[in-house]
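One structure coming up, written as structure tokens, with questions to follow.
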Amino acid sequence: MDTANGVVAGADAITVALSLLLFVVLLMLAATSACGRGPWTVRRQLGTATAVAARTAVLDGPAAYPVIGALHAMDGHQDKPFRRFTELSHQYGPVFSMPMGSMPCVIVNDYPSIKEVLITNGSKFGGRPNFTRYNALFAGDRNNSLALCDWSWLQETRRKIARMYCSPKVCSSNYGLLDSIASDELDVFLESLAAVTVRGSEREVQVKQPLMMASANMFLRFMCTTQFEYGDPKFQNLVRIFDEIFWDINQGYAVDFMPWLRPFYAGHMRKLSNWSTQIRKFMMDAVISKRSSYARAVAEASNGAGDRIRDDDDHGANDGQEPTDFTDALLMSLQKEPRLKMDHVLFELEDFIGGHSAVGNMVMLTLSMVATRPHVAQAIRDEAEQVTGGQRLVRLYDKPDMPYTEATLFETLRIISSPIVPHVATENTTIQGFKISKGTCIIINNYELNTSPVYWNDPEVFDPNRFVHHKPGVKPCIRKPEYFLPFGTGKRTCIGQQLVSGFGFVLLAGILQRYEVMATAQMAIPEARLALPPDTYPLILRPLDGSRI
């Protein structure tokens, strides 16, 4: 109740503050214009060869004013910022400067420039913006996060630990484990849907909640060798909190770019911090504290950094012991890397568990796309029928033989155009020859890459076949163009993308093997946002007649 009141009161205070600020800014603009020194006056005078040379070194962009930067250029487009970035790129070029509040920002809109940021000069753009929200979610330090931290030895070390579990080879035992876990949890999930549907009739069903719990259990079973009942209230709360965080991370807030607004967001920051605390308590109570690897790590830490256990017998025992899962691998890494702390590995585990929110939201949005395109759903069923003979549910190992189903997930990600987390320049550098100062926030316009006719034929049409390569005499297969970046690219690419696409594939195919999915009047698909609100629209489910599986 206090938090809710704080948010409302904060909103009123922000409105008053911004109104006063706007009045002051207008006075300043009037004064500078009268003296012939307004920002637009400078542009008008730059018509000489000198100005042309300057523009090859310094980026153009909307005029920036004190305090607010160029945020005025977003007027009327706050709900669709990436569409606005595309419009501005037509005026200022594919790379343009757009300071936001007190933060210097550059918007990058075309693939050659994006490739330069993420791949060619990726080592120079390895930072992340220091948003207050990011810090609030990770005990006051966003570098505890895997996705939101700056690039460092810590990032490299934690990604190395995760790689074997989050990017397993198809022939590995871990991939086999992913397959069995996905199939087992799919059965549980479909049973939960069967309990609220009736054969031969249509029912409105809140699909997202059980979908999120199924996704969470898949991650927990794979990474922590544990699972929970969908009816467990503590588990329900954990899944809800992760979904709230995923929704919040996908929003934009004025305080991100104007830190002086922090007092007005105090209630929101407390809420974020509280969510993080609740996640840690659940993970400690239900997963971590019972493990022998945790007890050993705590015992060693209690000896102090200078008195780590280095006894040969102990070292031999630890080195010879294989981790049972990702959780054990993280805890055992504390004995091998003295710079790692308990918070580093626990936040990494929680980061990866939180990846289930991306799976649940992605599958929910894909079902929404399919709900108004029954031919797509039928094509997926036909593909599943051909692979399984109609005798069983689809498994993860079927994915190479079902390119259309996987392509449907990719086409959803293309249409939705979920933003790539902003990067920050870690040194003075350039993009396409333009000067970029250290500390500049680089915002990548993934929406332009995914919806422009420059890159796609009929980009407004939902067509999974654009990702399926058909060649006479050759089995159809997935083919992604290099400019399609649903999980980013370069050294900061999403390391959990194989889990997201794999679990999402099994859930999507399994649902459509059992149900016809139809839209409700409440359905609303977002633009440039993978997240749906935790309490979102239902879908209509009708069990398929004659289903044998």
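The values are calculated or read from the model by the stated rules, or taken from the named source; none is laboratory data. For clarity, every value in this text was computed on a predicted model and none was experimentally measured. Note that we place each Cβ from the backbone using ideal geometry, even for glycine, and neighbour counts take in every protein chain shown. To get the accessible areas, we keep the full protein, side chains included, count just its heavy atoms, and leave off ligands, DNA and RNA. Shrake-Rupley method; radii C 1.70, N 1.55, O 1.52, S 1.80 Å.
If you go through segment 306-317 one residue at a time, do you hit one that is hydrophobic (A, V, I, L, M, F, W, C), open to solvent by 30 Å² or more (accessible area, probe 1.4 Å) and either part of a helix (DSSP H, G or I) or at pLDDT 95 or above (or both)? Walk me through how you get there before you give the answer.
Pass one, segment 306-317, residues hydrophobic (A, V, I, L, M, F, W, C): 309, 317.
From what is left, the residues that are open to solvent by 30 Å² or more (accessible area, probe 1.4 Å) are 309, 317.
Pick out the ones that are also either part of a helix (DSSP H, G or I) or at pLDDT 95 or above (or both) and you get 317.
The answer is yes; a qualifying residue exists.
Consider residue 516 carefully, then state whether it is part of a loop (DSSP other than H, G, I, E, B), open to solvent by 60 Å² or more (accessible area, probe 1.4 Å) and charged (D, E, K, R). Spell out the reasoning first.
Working: part of a loop (DSSP other than H, G, I, E, B): no; open to solvent by 60 Å² or more (accessible area, probe 1.4 Å): yes; charged (D, E, K, R): yes.
No.
Taking the condition of being polar (S, T, N, Q), under 26 Å from residue 177 (Cα atoms) and open to solvent by 10 Å² or more (accessible area, probe 1.4 Å), how many residues in segment 201-232 meet it?
Just the residues of segment 201-232 that are polar (S, T, N, Q), to begin with: 201, 206, 209, 215, 217, 225-227.
With under 26 Å from residue 177 (Cα atoms) added as a condition, the list becomes 209, 215, 217, 225-227.
Going one step further and asking which of them are open to solvent by 10 Å² or more (accessible area, probe 1.4 Å), we end up with 209, 225-227.
Selection size over segment 201-232: 4.
Give me the residue from segment 233-258 that is of a type in the set (D, E, K, R) and in contact (Cβ under 8 Å) with a residue 60 or more places away in the chain and, out of that set, most open to solvent (accessible area, probe 1.4 Å).
Step by step, filter segment 233-258, then rank; the result is 240.
Let me ask something else about it. For segment 414-436, which residues satisfy the criterion of being in a helix (DSSP H, G or I) and surrounded by 23 or more Cβ atoms within 10 Å (Cβ to Cβ)? If you could, list the steps in order and put the result at the bottom.
Just the residues of segment 414-436 that are in a helix (DSSP H, G or I), to begin with: 414-416.
Residues satisfying the conditions are 414, 416.
Being assigned to a helix (DSSP H, G or I) and not aliphatic (A, V, I, L, M): is that true of residue 411 here? Let's see the steps before the verdict.
Working: assigned to a helix (DSSP H, G or I): yes; not aliphatic (A, V, I, L, M): yes.
The answer is yes for residue 411.
Just wondering, is there one or more residues in segment 234-245 that are part of a helix (DSSP H, G or I), more than 29 Å from residue 128 (Cα to Cα), modelled with pLDDT of 95 or more and touching a Phe, Trp or Tyr at 6+ places or on another chain (Cβ under 7 Å)?
Checking segment 234-245: at least one residue is part of a helix (DSSP H, G or I), more than 29 Å from residue 128 (Cα to Cα), modelled with pLDDT of 95 or more and touching a Phe, Trp or Tyr at 6+ places or on another chain (Cβ under 7 Å).
Still on this structure, please answer the following. Select, from 90, 72, 77, the only residue that is in contact with a helix residue (DSSP H, G or I) (Cβ under 7 Å, 6 or more places away or on another chain) and not hydrophobic (A, V, I, L, M, F, W, C).
Values: 90 fails: in contact with a helix residue (DSSP H, G or I) (Cβ under 7 Å, 6 or more places away or on another chain); 72 fails: in contact with a helix residue (DSSP H, G or I) (Cβ under 7 Å, 6 or more places away or on another chain).
One residue alone meets the criteria, 77.
Right, something else. Filter segment 437-473 for residues that are within 24 Å of residue 116 (Cα to Cα) and of a type in the set (Gly, Ala, Ser); which is least open to solvent (accessible area, probe 1.4 Å)?
Filtering first and then ranking leaves 452.
Looking only at segment 161-215, count how many residues are assigned to a helix (DSSP H, G or I), more than 20 Å from the chain's Cα centre (by Cα) and more than 19 Å from residue 510 (Cβ to Cβ).
Residues that pass the stated criteria total 4.
Inspect all residues belonging to segment 340-362 and state whether any of them is among the charged types (D, E, K, R) and surrounded by fewer than 19 Cβ atoms within 10 Å (Cβ to Cβ). Spell out how you get there, then give the answer.
So in segment 340-362, the residues among the charged types (D, E, K, R) come out as 341, 343, 348, 350-351.
Add one more test, that the residue is surrounded by fewer than 19 Cβ atoms within 10 Å (Cβ to Cβ), and what stays is 341, 343.
Checking segment 340-362: at least one residue is among the charged types (D, E, K, R) and surrounded by fewer than 19 Cβ atoms within 10 Å (Cβ to Cβ).
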